[in-house]
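Chemist: Just passing along the structure, written as structure tokens.
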Amino acid sequence: MRVIVESDAIGVSRTAARFVADLVRRKPDCVLGLATGSTPLGLYAELIRQNREEGLDFSRVVTFNLDEYVGLDGAHPQSYRCFMQQHLFDQINIDPRHTHVPDGRALDFESHCEQYEKLIRDSGGIDLQVLGIGSDGHIAFNEPGSSLGSRTRLKTLAPETIRDNARFFGSADAVPRLAITMGVGTILESRRCLLLATGSPKAQAISATVEGPVTAQVTASALQLHRDVVVVIDPPAAGWLTRRDYYQHVETSQKLLQSGQWSALNLER
Ligand code: GLP
């Protein structure tokens with residue numbers, strides 16, 4: 001796992017946008033896995049800016065979102081489809097037919113979930129999956145106890161998640177109880193994962209994800225099994241990490257390597 005601690009939340013968004021934009025430029029028909037929540041908002045704002053001001057082209061990009069509340073249709077203001085339209089899709093030159101969000105009103109959830117997995121496979125698989133993290137360490141809606149091999153399916157939300165998301169619905173009672181979510185196994189098949197977190201409420205979850213044991217009780221910890229994960233966080237979210245100096249040292253070494261400053265690494269040319 002590569003851990004990048006930026007100086008603030010703006011730095012997190014800029015760095016995350018650099019990873020996404022570099023991929024879109026290198027592979028214009030790439031497949032992006034996208035997340036909702038407040039954390040990726042700055043990333044999306046930066047992508048919109050680059051689309052408008054720098055011509056970052058999304059016309060051939062395909063996207064798959066991680067999850068959706070069950071019971072909400074795409075027009076509901078709190079649905080993740082609506083979130084994505086508002087905060088990204090309606091503001092960039094993406095083809096609406098290329099954007100996929102699970103359907104919270106699907107009649108047959110089992111076949112809808114299977115179809116979602118098939119669509120991801122048929123698109124060639126996800127090149128870069130953007131992830132936030134729940135305060136209980138979940139990714140997408142894979143609540144503690146989810147199988148680390150799970151696939152897209154129906155999931156019952158944990159009380160912590162209902163509490164955390166009550167702010168968007170006015171009260172905890174109004175938060176849907178079920179969601180469709182990509183599984184941990186689905187996420188692990190992405191070629192690269194980009195996990196973002198900001199603020200002290202995420203510090204414990206980030207420490208468990210990066211430095212704790214791999215456990216279904218913290219589904220983000222399964223990312224330790226993935227070969228290409230980049231964690232981008234701000235100092236409050238890094239607050240519980242014990243090896244922060246080392247992560248910083250790794251980043252410095254990488255920069256020295258890339259700029260050819262061999263002697264600073266005690267290397268001879
Ligand atoms: C929900 C979403 C997750 C997201 C999490 C954190 O549970 N299903 O994908 O990572 O919220 O959201 P926020 O970024 O608002 O803290």
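Chemist: Which lysines does residue 155 reach when only Cα atoms under 27 Å apart count, and residues fewer than 8 places away in its own chain are ignored?
Modeler: The reachable lysines, counting only those whose Cα sits under 27 Å from residue 155, are 118, 202.
Chemist: Using the Kirkwood formula over every pair of different C-alpha atoms, what hydrodynamic radius in Å results for the stretch 87-166? Before the final figure, lay out the partial values.
Modeler: Working: mean 1/r = 0.0674 Å⁻¹.
One over the average 1/r among Cα pairs gives 14.8 Å for the stretch 87-166.
Chemist: As a test of the formula, what do you get for the chain when each DSSP H run with n ≥ 4 contributes -39,500 (n - 2.57) and the sum is divided by the residue count, at 222 nm and rounded to the nearest 500 deg cm²/dmol? Before the final figure, lay out each step's value.
Modeler: Working: 8 runs with 94 residues, N = 269.
Computed ellipticity for the chain at 222 nm equals -11000 deg cm²/dmol.
Chemist: How long are the semi-axes of the equivalent ellipsoid of the stretch 154-269, taking √(5λ) for every eigenvalue λ of the Cα gyration tensor, in whole Å from largest down?
Modeler: On the way: eigenvalues 255, 56, 29 Å².
Each semi-axis is √(5λ); the values are 36, 17, 12 Å.
Chemist: Could you give the accessible area per residue of the chain, probe 1.4 Å, as a whole number in Å²? Display every interim value, and only then the final one.
Modeler: Numbers: 12620 Å² over 269 residues.
Here the residues of the chain average 47 Å² of exposed surface.
Chemist: What is the Rg over Rh value, at two decimals, for the stretch 132-207, using alpha-carbon atoms and the Kirkwood definition of Rh?
Modeler: On the way: Rg = 12.8 Å, Rh = 13.2 Å.
On the Cα set of the stretch 132-207, Rg over Rh gives 0.97.
Chemist: Assuming R0 = 35 Å, what is the FRET efficiency of residue 211 and residue 267, from their Cβ-Cβ distance, to the nearest 0.05? All intermediate terms of the calculation are to be shown ahead of the outcome.
Modeler: Numbers: r = 29 Å, r/R0 = 0.82.
According to the calculation, E is roughly 0.75.
Chemist: Determine, from the Cβ-Cβ distance of residue 10 and residue 258 and an R0 of 25 Å, the FRET efficiency 1/(1 + (r/R0)^6), rounded to the nearest 0.05.
Modeler: Values: r = 23 Å, r/R0 = 0.94.
Between residue 10 and residue 258 the formula returns 0.60.
Chemist: By the scheme Lys and Arg +1, Asp and Glu -1, what is the net charge of all other residues having a beta-carbon under 11 Å from that of residue 8? Provide the component values of the computation, followed by the final result.
Modeler: Values: positive: 14; negative: 6, 234.
Residues near residue 8 contribute -1 overall.
Chemist: In addition: Can you pull a Stokes-Einstein diffusion coefficient for the stretch 12-99 at 20 °C (1.002 mPa s), Rh from Kirkwood over Cα pairs, as a whole number of µm²/s?
Modeler: Working: Rh = 13.2 Å.
Value of D from the Cα-based Kirkwood radius: 162 µm²/s.
Chemist: For the chain, what size does the Cα cloud have along each of its three principal axes, sorted from largest down, in whole Å?
Modeler: In descending order, the Cα extents are 64, 40, 32 Å.
Chemist: When the accessible area of the stretch 1-119 is computed with all protein chains present and a 1.4 Å probe, what percentage of it is carbon and sulfur? Walk me through the numbers on the way to the answer.
Modeler: Values: 2650 of 5480 Å².
Here it works out to 48 percent.
Chemist: Sticking with this one: Please report the Cα spread of the stretch 49-205 along all three principal axes, rounded to whole Å, starting with the longest.
Modeler: Cα extents, longest axis first: 42, 33, 31 Å.
Chemist: Measuring from label point to label point, each 7 Å out along Cα→Cβ, what is the residue 57 to residue 115 span in nm?
Modeler: Roughly 3.2 nm, to one decimal.
The values are calculated or read from the model by the stated rules, or taken from the named source; none is laboratory data. Note that the structure is a prediction, hence the values are computed from the model and not measured. Note: ideal-geometry Cβ built from the backbone for every residue, glycine included; neighbour counts use all protein chains shown. Surface accessibility is based on the protein's heavy atoms, side chains included, excluding ligands, DNA and RNA. Shrake-Rupley method; radii C 1.70, N 1.55, O 1.52, S 1.80 Å.
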